Amino acid sequence: MKIWVDADACPAVIKEILFKAAVRTKTPLTLVANHAMRVPPSPLIDFRQVGGGFDVADDFIATHCDLTDLVVTADIPLAAQIIAKGALALNPRGELYTESNVRARLNMRDFMESLRSSGIQTGGPDALNQKDRQAFANQLDKWLTKNKR
């Protein structure tokens, strides 16, 4: 049982929650990113820097995660890969991805991409707020409690 983090776009506050939870529960945590980043010194916390390029970090995570693992990502295509593999994916706002909601999210993502490519400004997601952080921490705690039995 391990936690994988798509760390390139993961908010710092979410990484801090993950660092504390990994140490507290003795759960291995691996962050994967295209660029170097600092992680706390702990035998439980690992950082893997992968080469630059489209989806290199995503491919690394999808290849190395197991069925008992949790993947933290806001990347919908990666979440879809993880769900198809049978593992669990959680976004930094605390929403668990499922087969049904990941399909809907992929469809919405593709629709928004087609709008952007036609020149329509769609804006980005709202900033992460306290409610999002709490929802993430709650989902993480549920997973850790369930899997540490």
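The values are calculated or read from the model by the stated rules, or taken from the named source; none is laboratory data. This structure is a prediction, so every number in the text was calculated from the model and none was measured. Here Cβ is always computed from backbone atoms with ideal geometry, including for glycine, and neighbour counts include all displayed protein chains. Protein only, heavy atoms only, side chains kept; ligands, DNA and RNA dropped before computing areas. Shrake-Rupley method; radii C 1.70, N 1.55, O 1.52, S 1.80 Å.
Using a Förster radius of 30 Å, what is the FRET efficiency between Ala9 and Thr63 based on their Cβ-Cβ separation? Nearest 0.05, please. With a Förster radius of 30 Å, E is 0.95. Any idea what diffusion coefficient the chain gets from Stokes-Einstein, in µm²/s, Kirkwood Rh on alpha carbon pairs, 20 °C, 1.002 mPa s? Estimated via Stokes-Einstein, D reaches 135 µm²/s. When the solvent-accessible area of region 15-145 is split by element, carbon and sulfur atoms take up 55 percent of it, the probe being 1.4 Å. Per residue, the chain exposes 56 Å² of accessible surface when a 1.4 Å probe is rolled over the protein heavy atoms with every protein chain present. Dipole magnitude for the chain: about 680 debye, using +1 per Lys or Arg Cβ and -1 per Asp or Glu Cβ, origin at the Cα centre. For Lys148, the aspartates and glutamates whose Cα falls under 19 Å of its own Cα, not counting residues fewer than eight places away in the same chain, are Asp66, Asp69.
If the segment from Lys142 to Val56 were pulled out straight at 0.36 nm per residue, it would be longer than the present Cα-Cα gap by 28.0 nm. Can you pick out the pairs among Lys20/Lys85; Lys26/Lys85; Lys20/Lys131; Lys15/Lys142 whose Cα atoms lie more than 23 Å from each other? Where the Cα-Cα span goes over 23 Å, the pairs concerned are Lys20/Lys85; Lys26/Lys85. Normalising by the residue count of the chain, find the relative contact order in percent from Cα pairs under 8 Å and 6+ residues apart. Relative contact order of the chain: 21 percent. Principal semi-axes of the equivalent ellipsoid, √(5λ) from the alpha carbon gyration tensor of region 51-110, are 17, 14, 10 Å from largest down.
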